[in-house]
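Before any comments, here is the structure.
The values are calculated or read from the model by the stated rules, or taken from the named source; none is laboratory data. Here the structure is a predicted model, which means the values were calculated and not measured. So basically every Cβ, Gly included, is an ideal-geometry build from the backbone, and we count neighbours across all protein chains shown.
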DNA sequence: CCGATTTCTTAATCTAGGTTAATGGTAAGC
DNA sequence: GCTTACCATTAACCTAGATTAAGAAATCGG
């Protein structure tokens, strides 16, 4: 019996479109071909917190094979073209998939340490260096929501920096 | 040719012992049989930030197959008995290993969201609920370093809470 | 092209948590 | 057992960032 190929279809979405809602089971993995996505959560006070941005080439979606409901909302920030991949337990076990996860883990580890040890300004500058193009493409308030500060605080930080 | 079994030896360490130093390559994975470990980093200002605690049954060690130097120090907080496991790329690819990683990823994701959205008090109470026994076993200053606050601030938080 | 909505900035005020420092308590080394 | 070092607590003060508010600028829908 032949192996079933990985199911993977293309999806075009308009700017603003919610691709995956919080609480949905049976979540999928999205490879960004063109455009820009973000994943975020909303806390009890109604505030949005951006977990990650995903420009071209990036992959979004809880990498959870366990059947837990998604805790994050995924949304298109620009008209985008995505590759939708069903989660496939068989594929999970590949060394390649494992390495990708391990790398992702390291990124999150660094982000936690960052949240604990550096100021908003330093986090902003790090973001700026890591994703130079995103600064122009992402609205400030979402960058603030990624950095863990308010848009007002980000505006202040940016203002201060210009004086140097 | 027969499969080589996973190399795994037992290691006994005294309280305070540094098991893995920051910057070391060829890092291993430690399963805690008895005792308590922590992994932490030191920032530019010399402050310690606790990444995780590992009581009995827990596993510590960067899950990175890529050869990156460890960014964390691992230390025994009590006299401990560990199972040391060499990293084995073959083992990496198992669905079981993958699921464990995915779960870990979810924990980190929640921790990031937590750092961004809730107060020190709420983080402390969450820690208290999640690891009720650890509160007694771990020095306050390390709990503070896990929560991302100073020992003084933690003391304040605990004091305020008693009045309720 | 135009009104409406959303986003960004600035400024005044407020607050959680940081910093510094002093004190008493607890554990560790000899 | 004593001494030295470390740890927790308290208190006075300070600062980064939150909150609130209001105006300017950009974006959107038609």
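Would it be correct to say that residue B:111 is part of a helix (DSSP H, G or I), at pLDDT 95 or above and more than 16 Å from the chain's Cα centre (by Cα)? Criteria not met by residue B:111. Inspect all residues belonging to segment B:78-87 and state whether any of them is closer than 24 Å to residue B:31 by Cα, crowded, with 16+ Cβ neighbours inside 10 Å and modelled with pLDDT under 85. Yes, segment B:78-87 contains a residue that is closer than 24 Å to residue B:31 by Cα, crowded, with 16+ Cβ neighbours inside 10 Å and modelled with pLDDT under 85.
Within segment A:17-49, the set of residues being assigned to a loop (DSSP other than H, G, I, E, B), under 25 Å from residue A:150 (Cα atoms) and within 14 Å of chain B (Cβ to nearest Cβ) comprises A:22, A:43, A:44, A:45, A:46, A:47.
Can you pull out every residue in segment A:128-164 that is within 14 Å of chain B (Cβ to nearest Cβ), assigned to a helix (DSSP H, G or I) and more than 11 Å from DNA strand C (Cβ to nearest atom)? Within segment A:128-164, A:146, A:147 meet the criteria. Close Cβ contacts (under 9 Å, 6 or more residues apart or on different chains) running from residues in segment A:67-78 that are more than 11 Å from every other protein chain (Cβ to nearest Cβ) to residues that are surrounded by fewer than 16 Cβ atoms within 10 Å (Cβ to Cβ) and outside any loop (DSSP other than H, G, I, E, B) comprise A:73/A:18; A:73/A:42; A:74/A:18; A:75/A:18; A:76/A:18; A:77/A:137; A:78/A:34; A:78/A:137.
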